[in-house]
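A short write-up of the structure that comes next.
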Amino acid sequence: MSSNDIADRLNHFGRNIERWRTEAARLTLLAAQAREQKPDEAQLVHLEETATAVYADITEFQRTVDEIATTSPAAAAQLAPVSDAIHLVLLEITELGIKLYSSHTELPEVT
């Protein structure tokens, strides 16, 4: 893998993290409004598609790190904060999903 390929892949992950953070902010607003207006099925499907995309990027990111580690373990280790950021945004989206599903089904939210 060339340096340009690595840079392109890492830029891809950076853009996606920002996109998912924006989506998490939108879901936060939706979850806050869910008491007055339940989320519809299309919104829940979009939430699931977003979570699936994050999972796919986590897998692809790990492949990228593993590939980098074959030539530079130190460089691969420096990518840990990026992995953490992807996992944190997935956690946030998952928590928001729980709130939205709770509102949609009218089940009490577990705290």
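Please verify whether the range 93-105 includes one or more residues that are of a type in the set (D, E, K, R), touching a helix residue (DSSP H, G or I) at 6+ places or on another chain (Cβ under 6 Å) and over 27 Å from Asp5 (Cβ atoms). Break it down into steps so the answer makes sense when it comes.
Our first condition is that a residue be of a type in the set (D, E, K, R); within the range 93-105, this holds for 95, 99.
After this cut, where a residue has to be touching a helix residue (DSSP H, G or I) at 6+ places or on another chain (Cβ under 6 Å) as well, the list is 99.
Imposing the further condition that a residue be over 27 Å from Asp5 (Cβ atoms) reduces the set to 99.
Yes: the range 93-105 contains one or more residues that are of a type in the set (D, E, K, R), touching a helix residue (DSSP H, G or I) at 6+ places or on another chain (Cβ under 6 Å) and over 27 Å from Asp5 (Cβ atoms).
Suppose we filter the range 36-73 for residues that are small (Gly, Ala, Ser) and under 19 Å from Asp5 (Cβ atoms); how many remain? Spell out the reasoning first.
First, pick out the residues of the range 36-73 that are small (Gly, Ala, Ser): 42, 51, 53, 56, 69, 72.
Filter once more, so that each one left must be under 19 Å from Asp5 (Cβ atoms): 56, 69, 72.
The number of residues fulfilling the criteria is 3.
Go over the candidates Val89, Val54, Val82, Val45 one by one and state the one that is part of a helix (DSSP H, G or I), of a type in the set (A, V, I, L, M, F, W, C), within 17 Å of the chain's Cα centre (by Cα) and loosely packed, with under 11 Cβ neighbours inside 10 Å.
From the options Val89, Val54, Val82, Val45, the qualifying one is Val45.
Inside the range 44-64, can you point out the residues that are within 14 Å of Thr94 (Cα to Cα) and among the polar types (S, T, N, Q)?
Residues satisfying the conditions are Thr50, Thr52.
Considering only residues that are touching a Lys or Arg at 6+ places or on another chain (Cβ under 8 Å) and assigned to a helix (DSSP H, G or I), look in the range 93-111 and name the one that is modelled with the lowest pLDDT.
Filtering first and then ranking leaves His104.
Evaluate the range 27-48: report whether one residue or more is under 17 Å from Ile86 (Cβ atoms), in contact with a helix residue (DSSP H, G or I) (Cβ under 8 Å, 6 or more places away or on another chain), touching a residue at least 60 places away in the same chain (Cβ under 8 Å) and of a type outside the set (Lys, Arg).
Yes: the range 27-48 contains one or more residues that are under 17 Å from Ile86 (Cβ atoms), in contact with a helix residue (DSSP H, G or I) (Cβ under 8 Å, 6 or more places away or on another chain), touching a residue at least 60 places away in the same chain (Cβ under 8 Å) and of a type outside the set (Lys, Arg).
Checking Glu23 against (1) at pLDDT below 95; (2) under 11 Å from the mean Cα position of the chain (by Cα); (3) surrounded by fewer than 19 Cβ atoms within 10 Å (Cβ to Cβ): exactly one of these is not met. Which one?
Single failed check for Glu23: (3).
The values are calculated or read from the model by the stated rules, or taken from the named source; none is laboratory data. For clarity, every value in this text was computed on a predicted model and none was experimentally measured. Cβ atoms come from the backbone with ideal geometry, glycine included; neighbour counts cover every protein chain shown.
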